[in-house]
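Worksheet: the structure to be examined is printed underneath.
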Amino acid sequence: MQKRALITGITGQDGSYLAELLLEKGYEVHGLVRPSTHRRTNIDHIRERLQLHYGDISDAIGLGRVIDAVAPDELYNLAAQSQVRLSFDDPVYTSEIAALGNVHVLEILRKSHPHCRFYQASSSEMFGLAPPPQSEASPFLPQSPYAVAKLHAHHMVRIYRQAFGIYACSGILFNHESPRRGEDFVTRKITRAVAEIAAGRQQELVLGNTAGRRDWGYAREYVEAMWLMLQQHEPEDFVIATGVTHAVQDVVEIAFAYAGLEWDKYVAHDPELYRPTDPSILCGDPRKAREKLGWSARTTLEELVKLMLDADLREAKPAR
C-alpha cells in the first residue's frame, strides 16, 4: 500500500530534498504551503507530482483541516522562522512558528491521527554553549530566541512520546547547506557573493563574525536521516552531523580560492552583523545515527562549498 506523507516547509531547502526522496521511494507526497509564499523554485521541477495545500502552522484550525484531509502515515514538520539573527528582532513570531506550531501538530495527531509517525526538525542551536562535541546526552544551553523556541518544540516531542505513546522523534540537525539554501544564510551569502564578484557584478562581501565554528553537511544527505528515523521500530531522537567543525572563515577562503580570487581583497566586516549572543563552537557527535540508523555524512565542506559555488556561478551573469 502506498504511503502518504505530509511535509510542512516543503518549499524550503530541506523540504524540497525530502519531497524528492519520498517520491523516489513511491510515497504520495503532500506539502503545506503558506498562501503568502510565492517563491517555490525549489519544488518547481517536481510540482506536478506533489499535492500542495494552503495553510499556516500557526493556524491550528486550518492546519487540522489539512491534516484530516491528507490523513498522512508520516508527517515531517520542517516549518520554522529559521533565521537566528532575525529571531532577536522578532522573538514572538519565531516562537509562534517554531514552538507553538509544533504543539499544534502534536495535538492534532494525538486527538485525530495517533498512528501517524511524526518528525520534528530540531536544531544544533539548542546546544548553544554546551562543550563540543555535542551528542544526544549533552546539555542544552541555547543562546538565541530561535534556539529557545526549538528547544521548547524538542521537549514537547519527548513529552508527547512518553505521555501519549505517539511515534514522535526529533532530528537534532547541525548546519546543513546546499545550492537551495536561502541567501540570508552565511554559506549561501558567501558563495552567491563570490559568484557575483567573479562576474563583475559585485565589488565587496560584508560579513559579521567569521571566527564562529560550525559543523556543516550536505542537506540532500541529511533528509535521508529524517526518513530513516521514522522507519525504526521505536521512536528516538538523533544528532545528525559530520563530526567535523570549521570556521566561517574557512568557507570564505575555500570559495574565493575555487573562483581564483584572493579573499582579502573583497571581504569587509561589519560589527552590526554580529549576533547579540552566539555559540562559539557547534560540533556534533553522530555516532548514534551511524550505529542505529546506518547513516553518516559523505560530503566534505570543501566539496559542499564547490557544489554551491558551481550552481551560483552558472546563474551569475557577467557585467556588460
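The values are calculated or read from the model by the stated rules, or taken from the named source; none is laboratory data. All values derive from a computational prediction rather than experimental measurement. We place every Cβ from the backbone using ideal geometry, glycine too, and count neighbours over all the protein chains shown. Quick note on the areas: whole protein, heavy atoms, side chains included, nothing else; ligands and nucleic acids left out. Shrake-Rupley method; radii C 1.70, N 1.55, O 1.52, S 1.80 Å.
A count restricted to the stretch 257-281 and to residues that are in contact with a Lys or Arg (Cβ under 9 Å, 6 or more places away or on another chain) and at pLDDT 95 or above stands at 1.
In the stretch 41-70, the residues that are open to solvent by less than 40 Å² (accessible area, probe 1.4 Å) reach residues that are in a helix (DSSP H, G or I) and charged (D, E, K, R) with C-beta atoms within less than 8 angstrom, at least six apart or across chains, in these pairs: Ile46/Glu20; Gly55/Arg65. Here Ala211 passes the criteria (1) at pLDDT 95 or above; (2) closer than 25 Å to Gln83 by Cβ except the one numbered (1). So is Glu28 surrounded by fewer than 15 Cβ atoms within 10 Å (Cβ to Cβ) and free of Cβ contacts under 8 Å to residues at least 60 places away in the same chain or not? So Glu28 does not fit the description; no. The set of residues in the stretch 267-309 being under 29 Å from Phe88 (Cα atoms), assigned to a loop (DSSP other than H, G, I, E, B) and charged (D, E, K, R) consists of Asp270, Arg275, Asp278, Asp285.
For the stretch 139-164, how many residues meet the condition of being part of a loop (DSSP other than H, G, I, E, B) and in contact with a strand residue (DSSP E or B) (Cβ under 6 Å, 6 or more places away or on another chain)? So the answer is 2.
Among the residues of the stretch 165-174, is there at least one that is outside any strand (DSSP E or B) and under 30 Å from Leu207 (Cα atoms)? Within the stretch 165-174, one or more residues are outside any strand (DSSP E or B) and under 30 Å from Leu207 (Cα atoms). The residues on offer are Ser135, Ser170, Ser178, and the sole one that is in contact with a Ser or Thr (Cβ under 8 Å, 6 or more places away or on another chain), open to solvent by less than 60 Å² (accessible area, probe 1.4 Å) and not β-branched (Val, Ile, Thr) is Ser170.
Listed here are the residues, each with its yes/no results for (1) open to solvent by 20 Å² or more (accessible area, probe 1.4 Å); (2) more than 19 Å from Asn175 (Cα to Cα).
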position	(1), (2)
Val248	no, no
Ala259	yes, yes
Tyr266	yes, yes
Gly284	no, no
Leu307	yes, no
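Listed by first and then second residue, the pairs linking a residue in the stretch 218-247 that is touching a residue at least 12 places away in the same chain (Cβ under 8 Å) to a residue that is open to solvent by 50 Å² or more (accessible area, probe 1.4 Å) and in a strand (DSSP E or B), with Cβ atoms under 9 Å apart and 6 or more places separating them unless they lie on different chains, are Met229/Arg117; Leu230/Arg117; Pro235/Arg117; Thr245/Arg213; Thr245/Ile281; His246/Arg213; Ala247/Arg213. As a summary of the residue check, Ile97 satisfies the conditions (1) open to solvent by 80 Å² or more (accessible area, probe 1.4 Å); (2) closer than 22 Å to Cys169 by Cα; (3) of a type outside the set (D, E, K, R) except for the one numbered (1).
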